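The values are calculated or read from the model by the stated rules, or taken from the named source; none is laboratory data. Just so you know, these numbers come straight off a predicted model, no measurement behind them. Because the Cβ atoms are built from the backbone with ideal geometry, glycine has one as well, and the counts that use them run over all protein chains shown. With ligands, DNA and RNA removed, areas are computed over all heavy atoms of the protein, side chains included. Shrake-Rupley method; radii C 1.70, N 1.55, O 1.52, S 1.80 Å.
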Amino acid sequence: MVSWSLLVVPLVVLGGVWCEEYEEDLVLRPLRDGKVSSTFTFTTVLHGADPAQHYTLFPLPLGQILREYAITELHLSLNAGKWNYDAWGYPEHPAVPTGAELWAWMPDGAASTIDDRWAGLRNALAGLFCASLGSLDHRRTSSPVQAYPLQSSHIPSAPHHLRHATLPSEHVCTENLTPFLKLLPCKSRAGLARLLNPQRLFDADWHGLGVHVLSTEGGGVEMKLVVQAVFDPVRLSGGKRRDWSFQSLFDRTINAACPVASSSSVRVFLPEEQIFSLSPEPEPQPSDESQPRDESQPHDESQPHDKSLAIYDVPTLVSHGPLDVAMQWTTEHAFQYPPPLSIQRTLHGTSQAHGALACTLTNRGPAPLRVGYLETLPALVTLWAHTIRVEVGGVGRDDLLTDLIYHPSHSPSPFSSHSSSPSSSSSPQTHAHAHTHTHGPSPSLLQATLTLPPYSTLRLTAELSRAFLRYTEHPPDAMRGWDLPGAVFFPVPVPGSTDSASSFNANHSAPTFNHSARTDSTYAQTDEAHAHIHTLPYRMHTPALLADLPTPDFSMPYNVIILSCTLVTLIFGSVFNVLTRGWVVVEV
Amino acid sequence: MHLHWLPHSCLFFLTCFAALTARTWATSTSQDEQVSGFFGRHESGSGHTNNWAVLVCASRYWFNYRHMANALGMYRTVKRLGIPDSNIILMLADDVACNARNKFPGSVYAEAGRHLDLYGDNIEVDYRGYEVTVENFIRVLTGRMEPSVPRSKRLLTDDRSNIFVYMTGHGGNEFLKFQDNEEISAFDIADAFEQMWRKKRYNEIFFMIDTCQANTMYSQFYSPNILATGSSEIGENSYSHENDYDIGVSVIDSYTHYVLKLMEGINKTSQTSMQDLFASYDPVKIHSNAGVRSDLFQRPLDKALITDFFGGVAQAGVFPPDDPTAFVTTLKASEPALIISSAQLNAESHVTPSQSTSAVAPSGSYADEWSTQWKVARKWASITLLGLLVAWVSHR
């Protein structure tokens, strides 16, 4: 018996190591405005398909969902707050839209249809993460294949379909974090997840959870669980100091390492030319020894990683005692590289029937900037494409707007069956429409390419009409207004560019999550012939808007019912009286 | 001549027989006692094997903080007493914990001192925000769901489930508002419960509601095995208990506050009964006349334990393996369908021995037949013996 178990244990251990890997990573970055951005990434890699689903590290509930609905790629994010690109730069992970965003790429060839699987996936994730994702129905679902390309390194050959939906009014709170932490092998008891204290995380100026599942070769799956938060040490300290530590940010320290994690590291970006002190002392980094996780991501030659980054290996440090990384400043500093593009998006008009949508884009860079522009508006507002105006400095420049594609809202929903294969992704307009839904209008989809001259502010306006809804279609808090999802600005191919970051080729691994350099070189570099046109390195999201629709007096139906009932009673009563009563003289 | 030792032999046989029966009876009772004592330690006659809770806060907006706190207080109690998250359906119509107006993000408190965080770091809200609708509530109760709805959002009960249903919000005479734009009426809930009863979705229900004119909400119930209680009579308001000046709103309702106060003293092995809970209602403190409706409930209230509904105390029913009728007798007399089936069962078991073609009967039923025949023989033998004894005594 003993010898048998001795024989089996190494086999199990070896099998576990080879089949599944788990690593965790925390990136802390002091920001220009004194805030601290923190990004937790928990990566579980499943090598090869396991038909029996005997997982040791990979979470079974999520594995069952991916298997059941045959998902190639899945991205879910639940965020609260507005990501302030102007002050904070690009996020570590680009999925920062307000509220809930869910998109999935599904291959053809499963037993059920794409839309059935999409509905099932929504409901299953709603149950798993305690979020209202079940309400992401066809009225919120679209298929913007250019802005949300396939990112997996290995894709099955079957044609793929995209489903994308957002729910800008969704909250994120402890009930979402609880199931999230239950997917981790060490829960929140050990390792970096120990720092995820809900009382502090949901107090952050910006916070969000993300689940990103990509396919790897051989039917394997890579799952990244991401927690991003932007803390304000100035507010937390109650004073003017922007010093921070684990204890001050999270009210916790790391007192145990997760034993099943193959790597567990804390990386702190160090501000340049600043007088600051960091405790404990980071490990000396030999420049020739690169971290294993860095091999997969593009190195940035312009920014030497060695000097700007402090790396802590959690298991070795925790063995000496609780780990509490702290940073202290003596002087303020200025963040040098804000993103080149600043975006503001507003809704104008005081009338409840009409209005205008305005986007103001400022290019702070010395080179023209070409960006893709995507609006997915629910059917309750109708955007009029012929009224789109583009101005630069008060002068009409409609020539800066190109490649306009507009799918107005209509029911049944116009799902273009976009295929992901590179050969057919060139002209989305030509694809046949698959009418799959029975009721309810689909969102309208507007997509265009904008070219911003250097050092200029471009203003795009479009008129829109607001729908007059039936009174039963209003939400319970109708006076608050309806949330319109934020616009998306995404990379487009620029002339001469062969950079994978701006390529539409879905088989390429497009912007990587861990791409961490933040310099001017994050513009997609172009070759000498077209040195002047740049594009964005990542998708950028604008905050959600609130549309004020004509709101009825909800008591009016009852008033009408009461009034008409009274009238009917009066008329009927008097007529009945006249017809049936006999008028006789009674002798007294 | 030989008759002179007949009485002695009769007496001898009688004592032997008595000893034998007494021994078998004694051993069987001690075993039964042991088994039922082990499985039925908390047995209060309810006959349930699993516990479920449906906790509904039907109010939206920050100023209804106290309704969220009411429901979360109940959530904490049932979870503390052992009902797992998978058996709790929690519906919160708004998110106060992460509301921008909450000075204490991720926390909900139900008392002015803010000693106990009801939200904690382990909570699963099954329906939230706009999902909290009358339709979804009725669907949860009756189990009529889309096939893709996950298990965590379903009430997967059976006919041995005790369900605790707690509702709170703003209400009136025979209605409760959901989210300020729709209402559920007392008739809707009563019909939903009847549907659950017909579909064998519960064993017993404990219905508790904290709203204005709450007692009207259970006035229309007509399904058996429902115990109901509410916070105030018709024409009465239910009032909030206290404010917290840092949170800035009322933090809990009065009735729920005093119920939770009693619940804090209860643990899984507590023998406190529903009678004790109802006796603790004090109209002076609550500022309203809390009511109880127990005419549909079959058991005496002092035998119905609070943990029968609030606790996840697992119970197993013990049935003798050779006596199918015992299964029927332990079930409630109020289940007509089951009584019919038991009658059919009896009829079958009486018919089969008379039929000589027992080759089709399975071996298990054959053993049953043999044991019933043996019982009959034993019965007649003892009667004959008794008759002989009486004859002998009268002869002398």
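Take the residues of the range B:257-297 that are assigned to a helix (DSSP H, G or I) and among the charged types (D, E, K, R): which is nearest to the chain's Cα centre (by Cα)? Break it down stepwise before answering.
Initial filter on the range B:257-297 (assigned to a helix (DSSP H, G or I)): B:257-264, B:274-279, B:283-286.
Next cut, among the charged types (D, E, K, R) only: B:261, B:264, B:276, B:285.
Numbers: B:Lys261: 22, B:Glu264: 20, B:Asp276: 17, B:Lys285: 29 Å.
It comes out as B:Asp276.
Would you check if there is a residue in the range A:488-496 being over 23 Å from A:Val96 (Cα atoms), surrounded by fewer than 19 Cβ atoms within 10 Å (Cβ to Cβ) and at pLDDT 50 or above? Give the derivation first.
Within the range A:488-496, the first condition is being over 23 Å from A:Val96 (Cα atoms), and the residues that meet it are A:494-496.
Add one more test, that the residue is surrounded by fewer than 19 Cβ atoms within 10 Å (Cβ to Cβ), and what stays is A:495-496.
Filter once more, keeping what is at pLDDT 50 or above: A:495-496.
Within the range A:488-496, one or more residues are over 23 Å from A:Val96 (Cα atoms), surrounded by fewer than 19 Cβ atoms within 10 Å (Cβ to Cβ) and at pLDDT 50 or above.
Sort out which residues of the range B:80-116 are more than 24 Å from A:Ala124 (Cα to Cα), free of Cβ contacts under 8 Å to residues at least 12 places away in the same chain and either facing another protein chain (nearest Cβ under 8 Å) or of a type in the set (D, E, K, R) (or both), and write them in order of number. Those that are more than 24 Å from A:Ala124 (Cα to Cα), free of Cβ contacts under 8 Å to residues at least 12 places away in the same chain and either facing another protein chain (nearest Cβ under 8 Å) or of a type in the set (D, E, K, R) (or both): B:Arg80, B:Pro105.
Within the range B:213-223, does at least one residue satisfy the condition of being within 30 Å of B:Asn99 (Cα to Cα) and buried (at least 20 other Cβ atoms within 10 Å of the Cβ)?
From the range B:213-223, those within 30 Å of B:Asn99 (Cα to Cα) are B:213-214; that's our starting set.
Pick out the ones that are also buried (at least 20 other Cβ atoms within 10 Å of the Cβ) and you get B:213-214.
Checked the range B:213-223: at least one residue is within 30 Å of B:Asn99 (Cα to Cα) and buried (at least 20 other Cβ atoms within 10 Å of the Cβ).
Out of curiosity, is A:Gly393 modelled with pLDDT of 85 or more and open to solvent by 30 Å² or more (accessible area, probe 1.4 Å)? Yes, satisfied. Screening A:Tyr148 with (1) touching a Leu at 6+ places or on another chain (Cβ under 7 Å); (2) in a loop (DSSP other than H, G, I, E, B); (3) within 13 Å of chain B (Cβ to nearest Cβ) gives one miss only, at (3).
Scanning the range B:177-189 for residues that are more than 14 Å from every other protein chain (Cβ to nearest Cβ) and not β-branched (Val, Ile, Thr) yields B:Ser185, B:Ala186, B:Phe187, B:Asp188. Of the residues making up the range A:158-200, those that are facing chain B (nearest Cβ under 9 Å), open to solvent by 10 Å² or more (accessible area, probe 1.4 Å) and under 21 Å from A:Glu92 (Cα atoms) number 3.
Kindly evaluate A:Ser132 against the criterion of being in contact with a Leu (Cβ under 7 Å, 6 or more places away or on another chain) and under 28 Å from B:Glu135 (Cα atoms). Criteria met by A:Ser132. Taking strands (runs of 3 or more DSSP E) as the structural unit, those lying wholly within the range B:173-228 and holding at least 2 residues that are hydrophobic (A, V, I, L, M, F, W, C) correspond to B:175-178, B:204-210. Identify all residues within the range B:117-135 that are more than 10 Å from chain A (Cβ to nearest Cβ), under 23 Å from A:Leu133 (Cβ atoms) and buried (at least 18 other Cβ atoms within 10 Å of the Cβ); write none if there are none. Listed by number, the list holds a single entry, B:Val134.
Against the condition modelled with pLDDT under 85 and closer than 30 Å to A:Arg364 by Cα, how does A:Arg539 come out, does it pass? So A:Arg539 fails the test. The C-beta contact set for the range B:118-134 (first residue at positive phi, second residue assigned to a strand (DSSP E or B), distance under 9 angstrom, 6+ apart or interchain) comprises B:Gly129/B:Leu92.
Looking at A:Ala104, A:Ala131, A:Ala124, can you tell me which residue is buried (at least 21 other Cβ atoms within 10 Å of the Cβ), within 13 Å of another protein chain (Cβ to nearest Cβ) and within 23 Å of A:Gln53 (Cβ to Cβ)?
The match here is A:Ala124.
If you scan the range B:138-153, which residues turn out to be within 14 Å of chain A (Cβ to nearest Cβ) and modelled with pLDDT of 95 or more? It would help to see each step written out before you state the result.
Start the filter on the range B:138-153 by keeping residues that are within 14 Å of chain A (Cβ to nearest Cβ), which leaves B:139-140, B:145-153.
Scanning the range B:138-153 gives B:Arg139, B:Val140.
Against the test of being touching a strand residue (DSSP E or B) at 6+ places or on another chain (Cβ under 6 Å) and polar (S, T, N, Q), the options B:Ser280, B:Ser288, B:Ser270, B:Ser294 yield a single qualifying residue, B:Ser294. Hey, could you check the range B:154-171 for residues that are farther than 14 Å from B:Ala53 by Cα and within 14 Å of another protein chain (Cβ to nearest Cβ) and say which is nearest to the chain's Cα centre (by Cα)? Per the criteria, the residue is B:Gly169.
For the subset of the range A:222-252 comprising residues that are modelled with pLDDT of 90 or more and β-branched (Val, Ile, Thr), which member is nearest to A:His171 (Cα to Cα)? The residue in question is A:Val227. If you go through the range B:58-78 and keep only what is of a type outside the set (A, V, I, L, M) and either crowded, with 21+ Cβ neighbours inside 10 Å or away from every other protein chain (no Cβ under 12 Å) (or both), you end up with B:Ser59, B:Arg60, B:Phe63, B:Asn64, B:Tyr65, B:Arg66, B:His67, B:Asn70, B:Gly73, B:Tyr75, B:Arg76, B:Thr77.
On inspection, A:Tyr85 does not qualify as free of Cβ contacts under 8 Å to residues at least 40 places away in the same chain, away from chain B (no Cβ under 14 Å) and crowded, with 17+ Cβ neighbours inside 10 Å. Against the definition (in a strand (DSSP E or B) and closer than 24 Å to B:Cys98 by Cβ), how does A:His75 come out, yes or no? Spelling it out, A:His75 is indeed in a strand (DSSP E or B) and closer than 24 Å to B:Cys98 by Cβ.
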